[in-house]
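The block underneath contains the structure these notes are about, expressed in structure tokens.
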Amino acid sequence: MIASVIVDVPAKQIDRTFDYTVPASLQPVVQRGVRVIVPFGPRKIQGFILEIKHESSVKKLKPIEEVVDIEPVLNEELMSLSEWLTEQTLCYRISALQVMLPAAMKAKYHKLFFQLDHDIPDHIQSLFHTESPLSWKKADESGALKDLQELIKQRKVEMKYVVRQSMNVKKKRFVELTGTVTSGNIPGNARKQKQILEHLEAGEGKIAVADLKEIAQTTSAVIKTMIDKGYLKESFSEQYRDPFAERTFEKTDHFTLTPDQKKAITPIVEKVNQYEQQTFLLHGVTGSGKTEIYLQTIDQVLKQDRQAIMLVPEISLTPQMVQRFKGRFGDQVAVMHSGLSVGEKYDEWRKIHRGEVNVVVGARSAIFAPFKRLGVIIIDEEHETSYKQEDSPRYHARDVAIERSMRHGCPVILGSATPSLESFARAKKGNYQLLELEYRMNQQDLPEVKIIDMREELREGNRSMFSRDLLVEIEKRIERKEQIVLFLNRRGYSSFIMCRDCGTVMQCPHCEVSLTYHRYKESMKCHYCGFEEQVPNTCPECESEHIRYFGTGTQKVEEELFKLMPHVKTIRMDVDTTSKKGSHEKLLDAFGRGEADILLGTQMIAKGLDFPNITLVGVLSADTMLHLPDFRASEKTFQLLTQVSGRAGRHEKPGEVIIQTYTPEHFSIELAKTQNYEWFYQKEMMMRKTAQYPPFYFISLITLSHENVNKAAGVCNEIAEILKSRLSDQSIILGPVASPIARIQDKYRYQCMIKYKHEPELKLLLKKILDQYSDTGKDAVSINIDVQPYIMM
Ligand code: ADP
Ligand code: ZN
Ligand code: ZN
């Protein structure tokens, strides 16, 4: 038996399988999708088995050293999906495999240990040492392998992984009587021990050590003595870490769907029942009842004993969102997002892997949840750019969702108030089925939107970042005891430090970007490379002392607000106030309880918020995003403004929105006033057509970077020449040009953009270019190819 193994080192030279022989002892456990330890050069490294075969073209093969898993960590569907992912995103195969597993399972960290149930036969017990991993070889030599496998199937032996020696599986410790002594015949006068025995004799079998300590008022030392003497026997059972342990979820029931909702859900449920793939685009403003449709679709899926993946953008995975799913489906729900600890994520993943839950609500990577019977995949806020992973593998969750749904025969629902242009265009063409929800559930009109021209304010002598109208409206809300959300677009808005005499802006010495001022440390930080430095006392150029920070960070807004309205209570939500785990929720809860009048924050408050008392939303500067070097700038601005506006007046009280801008005439700001998506779509489509961008053209982006600017540009030029000679005349090759951020971490960046409609050979060509130019040598130019880029930097 021979196994083809892909080793866990992402590098061009070894992006292929290597063959190993399988020792007889390992043959019963070796199969596709199982991880193994193999000798590789002088090292022993981990890898995935891709294939089992009986012949190899290589003569002298080394044997597999050890097997890590008892059953495949990736099932057949995910194994073949990884192949697809490799082709689609041009990544290394190992990266495509690794991205599907939780971080806790990263190769270099863990070893496999086993957890024994208490009544394991001795010949198997003897194979285990608590502090060293089990050896399959040893198990086979002693003739216990078959029995062991049987016990593992019955779950009497549990696998557990150890991360850097500390247990990654949380366990609970139990003790029970061994029967060697009773409370009546315990030697000596050990009163405490006698008491413990009495407790256990009165109880029934095992008791958690934590409980015993409490009940018998005893210490770990006493219990340990008793274990050592053989009076008690200890055992462990695996526990899941529950990030929501302290929260209770009220059970909620279905609403009776409105006729509109019924019309939308009917074709979806039909596809669920028929086990058919179909992508639906559910277009409806915030509050139109999309989530209720998701919930009821999932309910139908669960009734068929199938499973559901629900993706939401990281920042909208709020406690309120979790509440809605846990409240409806209880313990059936796993939650996956970056706020969880490595261990918590691992536990949630295992619940899915073991089939103990049937719904996952999670951010991007939850699209790889190892469900075996998918009945629906839902992507809420499908236009969000966070669904695209920016590191290798550079996948888009939407593409993965559609690919998986085809393998499972189930529908995909893409939901949004402002669908991406790509998706809406596909829906118009009939590739997706368009479902519309036109009204808000509470019959409430959309909030009234007022646009304030900040240039006008300036002309009138108002230099503050608050327009007069906004201040008046804030005051009104305060009087009425209603709440306000103030929104600040972080991107392009962070505070920078400038010398007022010579105009020098403090820049990162390694990147072509200005440094961001962080008040709490009096420091300046680069958001691209992490460089950090104290704010200088004098200008490095002219030595002037008139050096100060500009721009409007949330802290600065808070300060100015306090000066203008000292009586107002504000909760600020930004990277600084929410870096601690759970702080995000705490701040929102406090706002929900009415502990502040104003919630001030960045993007992270734009989504998911649903508080009945918010009647005013202020956008402090709408146009910062418009000026980014990104063809999606208008789309993102419109989406963001619509999103933010949706936070006002979600319940009985009507809402109002004030948008401050320096470019009120721009169509994406004008149209945000009426929130007319259809108009925006028409207008933006015309622009995209003229400028030859998606959805009229596909684009791929090749970026070269090197410390030497000529080298980066030179290689970029070579590649542009290759593309020009190989691609059709209809395709457009832009470049080489310097990237919008021309230098990051001391490396100059050059790029080449390909716009095309039909290039069936392009992926192959790009793969070739990648192979040819991805040299790992020390002085090599590094190359990155993004087949469908979302952020153009
Ligand atoms: P969306 O996801 O489009 O923002 P939601 O599903 O959250 O919309 O619905 C908005 C509000 O209306 C929520 O508070 C929800 O509980 C309520 N809701 C949704 N559907 C119904 C229904 N059929 N009957 C009554 N209330 C509903
Ligand atoms: Zn200066
Ligand atoms: Zn930097």
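The values are calculated or read from the model by the stated rules, or taken from the named source; none is laboratory data. Everything quoted here is computed from the prediction, not taken from an experiment. No Cβ is skipped: glycine too gets one built from the backbone with ideal geometry, and neighbour counts run over all protein chains shown. Protein only, heavy atoms only, side chains kept; ligands, DNA and RNA dropped before computing areas. Shrake-Rupley method; radii C 1.70, N 1.55, O 1.52, S 1.80 Å.
What FRET efficiency do you get for Lys171 and Ser728 if R0 is 60 Å and r is their Cβ-Cβ distance, rounded to the nearest 0.05?
Result of the calculation: an efficiency of 0.45.
Counting only protein heavy atoms and using a 1.4 Å probe, what share of the accessible area of the chain belongs to carbon plus sulfur, as a whole percent?
On the way: 17990 of 36230 Å².
After summing per-atom areas, the C and S share lands at 50 percent.
Rounded to the nearest 0.05, what FRET efficiency do Arg459 and Asp391 have when you use their Cβ-Cβ distance and R0 = 51 Å?
On the way: r = 46 Å, r/R0 = 0.91.
E(calc), rounded to 0.05, equals 0.65.
How long are the three semi-axes of the equivalent ellipsoid of region 234-386, in whole Å, if each is the root of 5 times an eigenvalue of the C-alpha gyration tensor, listed from largest down? Don't jump to the answer; show the numbers that get you there.
Values: eigenvalues 142, 57, 47 Å².
One finds semi-axes of 27, 17, 15 Å for region 234-386.
May I have the extent of the alpha carbons of region 355-487 along their three principal axes, as whole Å values ordered from largest to smallest?
Over region 355-487, Cα extents along the principal axes are 62, 36, 35 Å.
Expressed as a whole percent, how much of the Cα-Cα distance distribution for region 179-229 exceeds 15 Å?
40
Only four residue types carry charge here, +1 at the Cβ of Lys and Arg and -1 at the Cβ of Asp and Glu. Report the dipole size of region 1-91 about the Cα centre in Debye, rounded to the nearest 20.
520
For region 198-309, just list the percent of Cα-Cα distances falling in each 10 Å bin from zero outward, please.
Pairs per bin, as whole percents: 10, 26, 17, 12, 13, 16, 7, 0.
Rank Gln31, Ser80, Ser464 by how far each Cα sits towards the positive end of the charge dipole of the chain (+1 on Lys, Arg Cβ; -1 on Asp, Glu Cβ) and give me just the farthest.
Gln31
Work out, step by step, the length gained on full extension between Lys213 and Asp771: first 0.36 nm times the residue separation, then minus their alpha carbon distance; give nm to one decimal.
My answer for the length gained is 194.7 nm.
Relative to the first principal axis of the alpha-carbon coordinates of the chain, what is the inclination of helix 191-202, with its axis defined by its Cα atoms, in degrees from 0 to 90 and to the nearest 10?
90
Let me spell out the model: positive unit charges on the Cβ of Lys and Arg, negative unit charges on the Cβ of Asp and Glu, origin at the Cα centre of the chain. What dipole size does that give, in debye rounded to 20? Mind showing how you got there, number by number?
On the way: 108 positive and 107 negative charges, 256 e Å.
For this selection, approximately 1220 debye.
Does anyone have the angle between helix 762-773 and the longest principal axis of the chain? Alpha-carbon axes, 0 to 90°, nearest 10?
Approximately 70 degrees, to the nearest 10.
Kirkwood Rh and Cα-based Rg: tell me the resulting Rg over Rh for the chain, rounded to two decimals. If you can, show how the numbers build up before the last one.
Numbers: Rg = 30.1 Å, Rh = 30.1 Å.
Dividing the radius of gyration by the Kirkwood radius yields 1.00.
Compute the orientation-averaged projected area for region 242-298 from the convex hull of its Cα atoms and round it to one decimal in nm².
5.8
Computed from the mean reciprocal separation of all distinct C-alpha pairs, what Kirkwood hydrodynamic radius does region 11-90 have, in Å?
The Cα-based Kirkwood calculation yields 13.6 Å.
Please report Rg over Rh for region 305-432, where both radii come from the alpha carbon positions and Rh follows the Kirkwood definition.
Dividing the radius of gyration by the Kirkwood radius yields 0.95.
At a probe radius of 1.4 Å, what is the per-residue accessible area of His254, in Å² to the nearest 10?
Approximately 80 Å² for this residue.
Given charges of +1 on the Cβ of Lys and Arg and -1 on the Cβ of Asp and Glu, with all other atoms neutral, how large is the dipole of region 331-385 about its Cα centre, in debye to the nearest 20?
380
Hey, could you grab the Kirkwood Rh for region 655-793? Inverse mean 1/r over distinct alpha carbon pairs, Å, one decimal.
17.2
Convert each backbone phi in region 237-245 into a coupling constant with the Karplus relation 6.51 cos²θ - 1.76 cosθ + 1.60 (shift: θ = phi - 60°), then list the ³J(HN,Hα) values in order as whole Hz, x for Gly and Pro.
So the Karplus estimates, Gly and Pro as x, are 10, 6, 10, 8, 6, 10, x, 10, 4 Hz.
How tilted is helix 677-691 with respect to the longest principal axis of the chain? Cα atoms for both, answer in degrees (0 to 90, nearest 10).
Taking the Cα atoms of the chain, the angle to 677-691 is about 80 degrees.
Please compute the length gained on full extension between His510 and Asn273, using 0.36 nm multiplied by the number of residues separating them and subtracting their Cα-Cα distance. Please report the intermediate quantities before stating the final value.
Numbers: separation 237, 0.36 × 237 = 85.32 nm, distance 5.64 nm.
Extra length from His510 to Asn273 when fully extended: 79.7 nm.
Using the C-alpha gyration tensor of region 348-402, what are the square roots of 5 times its eigenvalues, in whole angstrom, with the largest one first?
Semi-axis lengths for region 348-402 are 21, 12, 10 Å.
Determine the relative contact order of the chain: mean sequence separation of Cα pairs under 8 Å and six or more apart, normalised by residue count, in whole percent.
After rounding, I find 10 percent.
Please compute the modelled spin-label separation between Glu77 and Phe562, points set 7 Å along Cα→Cβ, answer in nm with one decimal.
Using points 7 Å along Cα→Cβ, the separation is 5.3 nm.
For region 704-759 and region 31-80, compute the distance between their C-alpha centroids and round to whole Å.
38
Shape of region 291-370 from its Cα gyration tensor (a ≥ b ≥ c, root eigenvalues): rounded if a/c is under 1.5, otherwise prolate when a/b > b/c, or oblate?
Values: a/c = 1.77, a/b = 1.19, b/c = 1.49.
It comes out oblate by the Cα gyration axes.
Quote to one decimal, in nm, the extra length available between Thr258 and Ala245 on full extension: 0.36 nm per residue of separation minus the C-alpha distance between them. Let's see the in-between values first.
Numbers: separation 13, 0.36 × 13 = 4.68 nm, distance 3.46 nm.
The span from Thr258 to Ala245 would gain 1.2 nm if fully extended.
Tell me the per residue accessible area of the chain using a 1.4 Å probe; a whole number in Å² is fine.
46
Mind scanning Lys450/Lys476; Lys170/Lys345; Lys556/Lys653; Lys170/Lys229; Lys388/Lys580 and naming the pairs with a C-alpha gap bigger than 21 Å? Can you show the working numbers first?
Numbers: Lys450/Lys476 16 Å; Lys170/Lys345 12 Å; Lys556/Lys653 30 Å; Lys170/Lys229 26 Å; Lys388/Lys580 25 Å.
Violating the 21 Å limit, Cα to Cα: Lys556/Lys653; Lys170/Lys229; Lys388/Lys580.
Non-local amide H neighbours of Leu281 (under 5 Å, H modeled in plane, Pro and chain starts lacking H): which ones?
So Leu281 has HN proximity to Leu414, Gln433, Leu434, Leu435.
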